[in-house]
Amino acid sequence: MKKYNRFLYIFCFLFLLAFHVNAAPQLEIDEDHDEVMHAVQQGLIQPFSALQEKVAKQLNGRIIKVELDEDDDVWVYELKLIDPNNNIVKVEYEARTLTIIEIKGRGLENIIKVNE
């Protein structure tokens, strides 16, 4: 009986671990990792944690995918979020200042937080 309990415990732990890993947003970096780290150190890119804080303050939604691209010396975070009504919204942030460049999708009135 003890073997069964140990097996069940390990199975539940692995199941929860797999669920947690799959619930995290997917992060894609098209540039070289060292180049990205150097850009963060130089202040050309805000770290992902700062982006998460900014998104939480500005938008009602959960990040499901993140891409970081450099185009003409401008770094851009490209996000996909899912809003409370299960609409997918695409948002681009300028990576240095974390200002929204573009936002598109359905139900934007539900995703953008209004400061009162």
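Bear in mind that the values in this text are calculations on the coordinates, not laboratory data. What you see is a predicted model, and the numbers here were worked out from it, not measured in a lab. Here Cβ is always computed from backbone atoms with ideal geometry, including for glycine, and neighbour counts include all displayed protein chains.
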Using only Cα atoms, what Kirkwood radius does the range 25-111 have, in angstroms?
13.1
Would you mind ranking His38, His33 by Cβ crowding within 10 Å, fewest neighbours first?
His33, His38
